[in-house]
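Report on one structure; see the data block that follows.
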Amino acid sequence: MREQLELPLYQVAPQAMIGLTPERLGTFQDSLRAPIHRWFKYPAGYSYKLVEALIEDYSLGAGSWLLDPFVGSGTTSVVAKQRGVNSVGIEAHPFVHWAAKVKCFWEYDMGQLHQSIHRLLTHLHRPPDFPGNESLSEFPKLIHKCYSDRNLWSLKFIRDSIEEYSPTAEIGDFFRLALTDTLRAASKAGTGWPYIAPSKYHEKNERPALEVFSQTVQRMYRDLVTVLAERRIADVQTRLLLMDTRQPYPIEPESVDLAVTSPPYLNNYDYADRTRLEMYFFGWAKSWRDITEKVRDKLIIAATTQVRRTEFQENPISPSIRGLEPMLYEELADKVGQLAAIRLHKGGKKNYDLMVAGYFNDMLLMIQQVYRVLKPHATFVMVLGDSAPYGVYIPTEEYLGRLALAVGFRDYSVQNLRERGGKWGHNPQRHKVMLKEGLLLVQK
Ligand SMILES: C[S@@+](CC[C@H](N)C(=O)[O-])C[C@H]1O[C@@H](n2cnc3c(N)ncnc32)[C@H](O)[C@@H]1O
């Protein structure tokens, strides 16, 4: 297996990789067009093709268990279910976890679903007159910036009609996920959101919510018909746990055949903010603070918006890292020290030093959990990007590989998928360090 790991992944099982574009495996591009995967467009998601290829490579089948400790919108779980492989996915973001659950529920009475779609769409085609702006007072300002009043009213009408026209909880969730997708497609807010806040300058064409919703629901129904027809094994378990992946999850030790994941990268991406529009619209949250309590504080540290300086010790790096890998600890302490000094001379004074320390502290806990549940000799594959906050290069794959060895894994290797960060080249504020995305393969 050691020799196998040293070969590029593409030589391990060339058959499984034919037709794959390595640059896209770490991105959601392929998944945007694939049945089921496209139900929730998660920019942080990865390609379903990577999961398919790994299931082939590691010969997983009926009775095997696949784990994804950062399952996000459920790409891994959907592919596993299609292939008849049991899976466990862990996700701490409640909205994203909900979306993954809806994508993984296929056990509808299809006749009843079809009839419910028909009834709901018929009802929606006869909308009452717009009752005026007062009817929209429940929505925070941000939502108003994304839609004209009439379109927002249509969205609200759809949302409220779903309550009335869903005979089962699952059908209600199916409709709500279609409405979630509609929220982005129908909005006039620019596509750069959430990086670029909705504004007149970035506006795109608004689309009529009723039309978008109707098309989306019908496409989702056709997707279900397609995957159900292609499915080979129906007797499969798909567990999606809403919990913190740093905590011991309810899985037997040494029971998992393969772990695959794409953890948050150390790139200051605020996952909690990604679903602000959706959470505000459905009433899951009303303010930034709400989202911090319900989401931001539950995720591993990967963005400065998650860092509160007062909550860190004077030495922010966990003593566990020092105990397990003293050399790595020294290198990390040096990087963190550099960042602590540089930030003082920067306008934003970003807490990158604590973000980096917190990231590795948290990732160590995650690796320990994965180690606990993997079978001996099993592999853990991570899709990862490196980073360079304030231009200080952090070799993320290497550091995590070394942490894995310290935890007890026997070996690790890294394979590049693509270079990244080039699109920011014109920005004088940004560092010029070339970054990449790759696979970190760790073997127990
Ligand atoms: C890169 S995304 C994974 C995307 C996934 N591969 C997909 O295709 O949808 C990383 C995910 O880790 C989740 N996450 C962050 N901290 C977590 C934690 N402590 N426990 C569980 N999940 C967490 C984030 O909410 C995010 O959805």
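The values are calculated or read from the model by the stated rules, or taken from the named source; none is laboratory data. Just so it is clear, the structure is predicted and the values come from calculations on it, not from any experiment. Using ideal geometry, Cβ is built from the backbone for each residue, glycine included, and neighbour counts are taken over all protein chains shown. Side chains included, ligands, DNA and RNA excluded: accessible areas come from the protein's heavy atoms. Shrake-Rupley method; radii C 1.70, N 1.55, O 1.52, S 1.80 Å.
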Sequence-distant residues sharing a close amide H with A285 (under 5 Å, placed H): Y280
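For the range 110-230, just say rounded, prolate or oblate: build the C-alpha gyration tensor, square-root its eigenvalues into a ≥ b ≥ c, call rounded for a/c under 1.5, and beyond that prolate if a/b exceeds b/c, oblate if not. Could the numbers behind the result be given before it?
On the way: a/c = 2.42, a/b = 1.49, b/c = 1.62.
Cα axes put the range 110-230 in the oblate bin.
Considering only protein heavy atoms, what per residue accessible area in square angstrom results for the chain with a 1.4 angstrom probe? Intermediate values should be presented prior to the final figure.
Details: 19360 Å² over 444 residues.
Accessible surface, normalised per residue, equals 44 Å².
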Distance between modelled label sites at F130 and E419, nm, 7 Å Cα→Cβ extension: 5.0 nm
Please state the charge dipole magnitude for the chain, taken about the Cα centre, from unit charges on C-beta atoms (+1 on K and R, -1 on D and E), reported in debye and rounded to the nearest 20. 1180 debye
Taking 392-405, 99-112 and ranking on average Cβ neighbours within 10 Å, highest first, one gets 392-405, 99-112
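Strictly over 19 Å apart at the Cα level, which of K375/K444; K141/K349; K298/K350 would you flag in this model?
Checking Cα-Cα distances, K141/K349; K298/K350 exceed 19 Å.
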Count the DSSP beta bridges whose two residues both fall in the chain, then state the antiparallel fraction as a percent rounded to the nearest 5. 50 percent
With -39,500 (n - 2.57) per DSSP H segment of 4 or more residues and division by the full residue count of the chain, the 222 nm estimate, nearest 500 deg cm²/dmol, is -13500 deg cm²/dmol
Can you send over the carbon and sulfur percentage of the accessible area for the chain, probe radius 1.4 Å, protein chains only? 51 percent
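When the chain is fully extended, how far beyond the present Cα-Cα distance does S59 get from S199, taking 0.36 nm per residue of separation? The partial results should precede the final answer.
Working: separation 140, 0.36 × 140 = 50.40 nm, distance 4.94 nm.
This chain segment gains 45.5 nm when fully extended.
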Compute the label zone of K145 within the range 256-300: residues whose backbone N is under 13 Å from the point 7 Å along Cα-to-Cβ. 276-277, 288
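Where in the chain are the helices, taken as whole DSSP H runs, whose Cα atoms extend 30 angstrom or more along the long axis and whose Kyte-Doolittle mean reaches at least -0.5? Can you show the working numbers first?
Numbers: long enough: 209-230 (31 Å, 0.30); 352-373 (32 Å, 0.57).
Going by DSSP H runs, the hits are 209-230, 352-373.
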With 10 Å bins from 0: P(r) over the chain, alpha-carbon pairs, percent: 4, 20, 29, 26, 15, 5, 1
Which distance in nm do the two modelled labels at Q112 and Q218 give, with both placed 7 Å along the Cα-to-Cβ direction? 2.5 nm
With R₀ set to 25 angstrom, the calculated FRET efficiency between the beta-carbons of D290 and V433, to the nearest 0.05, is 0.10
Karplus-derived 3J(HN,Hα), 6.51/-1.76/1.60, for each residue of the range 285-290, Hz, glycine and proline x: 7, 10, 8, 4, 5, 4
R0 = 56 Å: FRET efficiency of R33 with M327, Cβ-based, nearest 0.05? 0.80
Provide the per-residue ³J(HN,Hα) series for the range 376-391, in order, calculated from phi with Karplus coefficients 6.51, -1.76, 1.60 and θ = phi - 60°, each as a whole number of Hz, with x at glycine and proline positions. x, 6, 6, 10, 10, 10, 10, 8, 9, x, 8, 7, 8, x, 6, x
